[in-house]
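This report refers to the structure that appears directly beneath it.
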Amino acid sequence: MERLILAEDEIVRICDRLGKEIDASLKDEEGVPVVLGVMNGALPFMYELIKHITHPIQLDTIKVSSYDGMETTGEVHVQKGPDQSLEGKDVILVEDIIDTGITMNFLKEYIMREYKPRSLKVCILIKRNNLKMKYDEKADFVGLTTDEQKYIVGFGFDYHGLFRNVPYIFVPSIKDIKSWEPYFVAEEKKQKKA
């Protein structure tokens, strides 16, 4: 590991704080908001976050893609929409990171246009102060703001689809990446046989 970004206990403390902030924002609401997690990266964050929200909520997911491997393509495609109607509901969109702002900009416009919720708030684990940011997207609830520009792994953040299950977030070292190569070689062999 080159650098630890968030330890497991820090993530829990962040989720506790964000849960309290979300509860406070909902204290006068009578309806049941929908917490909408962005698959796959935000799922670990969403599942930890909801443990700290005491207001009744519903859960749903949306899946989009904008990455090819480790690089953003600049284009966002919806792969799975929410399973329930969001029309007239309060929605809290849960995402792992705002980096370039491209995905978040797309999601906010898409959800408002296609699903017509009553309101849409955004909760993110990490807001990166990115020099390459295309859209300066704001979030209503932010876990950590960082100047870290390197690729991060763990707690939903993946390296070619792997290591989302690591319970902390870190910048991998070159040694880490080299040690992961056997996983990719084995996966490539499986795909060639199929």
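Looking only at residues of the range 9-19 that are closer than 30 Å to LYS178 by Cβ and over 16 Å from the mean Cα position of the chain (by Cα), we find that the one that is most open to solvent (accessible area, probe 1.4 Å) is ASP9.
Could you tell me whether the range 60-70 includes any residue that is open to solvent by 50 Å² or more (accessible area, probe 1.4 Å), aliphatic (A, V, I, L, M) and touching a His at 6+ places or on another chain (Cβ under 8 Å)? Scanning the range 60-70, I find at least one residue that is open to solvent by 50 Å² or more (accessible area, probe 1.4 Å), aliphatic (A, V, I, L, M) and touching a His at 6+ places or on another chain (Cβ under 8 Å), so the answer is yes.
Scanning the range 138-155 for residues that are closer than 20 Å to ASN40 by Cβ and either hydroxyl-bearing (Ser, Thr, Tyr) or outside any strand (DSSP E or B) (or both) yields ALA139, TYR151, ILE152, PHE155.
For the range 28-40, a residue qualifies if it is buried (at least 20 other Cβ atoms within 10 Å of the Cβ) and either assigned to a loop (DSSP other than H, G, I, E, B) or basic (Lys, Arg) (or both), and exactly one does: PRO33. With the condition kept exactly as written, say whether any residue in the range 79-91 is under 30 Å from SER179 (Cα atoms) and not in a helix (DSSP H, G or I). Looking for residues that are under 30 Å from SER179 (Cα atoms) and not in a helix (DSSP H, G or I), one finds none in the range 79-91, hence no. ARG128 falls short on exactly one of the conditions (1) modelled with pLDDT under 95; (2) open to solvent by 40 Å² or more (accessible area, probe 1.4 Å); (3) basic (Lys, Arg), and that condition is (2). Pairing residues of the range 138-161 that are farther than 24 Å from ILE50 by Cα with residues that are of a type in the set (Lys, Arg) and part of a strand (DSSP E or B), at Cβ distances under 9 Å and at least 6 apart in sequence or on separate chains, gives ASP147/ARG128; GLU148/ARG3; GLU148/ARG128; GLN149/ARG128; LYS150/ARG3. Looking across the range 96-121, the residues that are open to solvent by less than 30 Å² (accessible area, probe 1.4 Å) and either basic (Lys, Arg) or touching a helix residue (DSSP H, G or I) at 6+ places or on another chain (Cβ under 7 Å) (or both) come down to ASP96, ILE98, PRO117.
Residues of the range 142-179 that are surrounded by 20 or more Cβ atoms within 10 Å (Cβ to Cβ) and touching a helix residue (DSSP H, G or I) at 6+ places or on another chain (Cβ under 6 Å): GLY143, PHE155, GLY156. Examine the range 82-90 for a residue that is closer than 21 Å to PHE155 by Cα and touching a Phe, Trp or Tyr at 6+ places or on another chain (Cβ under 9 Å), and state whether such a residue exists. Within the range 82-90 (the criterion being closer than 21 Å to PHE155 by Cα and touching a Phe, Trp or Tyr at 6+ places or on another chain (Cβ under 9 Å)), the answer is no, since none of the residues qualifies.
Taking the listed residues LYS116, LYS134, LYS121, LYS51, the one that is more than 27 Å from GLU10 (Cβ to Cβ) and at pLDDT 95 or above is LYS116, with no other qualifying.
If the requirement is being over 22 Å from GLU10 (Cα atoms) and in contact with a Ser or Thr (Cβ under 7 Å, 6 or more places away or on another chain), which of these qualifies: ILE111, ILE177, ILE102, ILE126? Reasoning before the result, please.
Working: ILE111 fails: in contact with a Ser or Thr (Cβ under 7 Å, 6 or more places away or on another chain); ILE177 fails: in contact with a Ser or Thr (Cβ under 7 Å, 6 or more places away or on another chain); ILE126 fails: over 22 Å from GLU10 (Cα atoms).
Answer to the selection: ILE102.
Given the criteria out of contact with any Cys (no Cβ under 9 Å at 6 or more places or on another chain), β-branched (Val, Ile, Thr) and surrounded by 13 or more Cβ atoms within 10 Å (Cβ to Cβ), does ILE22 qualify? Criteria not met by ILE22. For PRO56, the conditions (1) more than 25 Å from ASN165 (Cβ to Cβ); (2) in a helix (DSSP H, G or I) are fulfilled apart from (2). Annotation: of all residues in the range 74-95 being acidic (Asp, Glu) and either modelled with pLDDT of 95 or more or open to solvent by less than 30 Å² (accessible area, probe 1.4 Å) (or both), the one that is farthest from GLU48 (Cα to Cα) is GLU87.
The values are calculated or read from the model by the stated rules, or taken from the named source; none is laboratory data. Computed from a prediction, not measured in an experiment: that's the story for all the values here. Methodologically, a virtual Cβ is constructed for each residue, glycine included, from the backbone with ideal geometry; neighbour enumeration extends over all protein chains shown. SASA here: full protein model, heavy atoms, side chains in, ligands and nucleic acids out. Shrake-Rupley method; radii C 1.70, N 1.55, O 1.52, S 1.80 Å.
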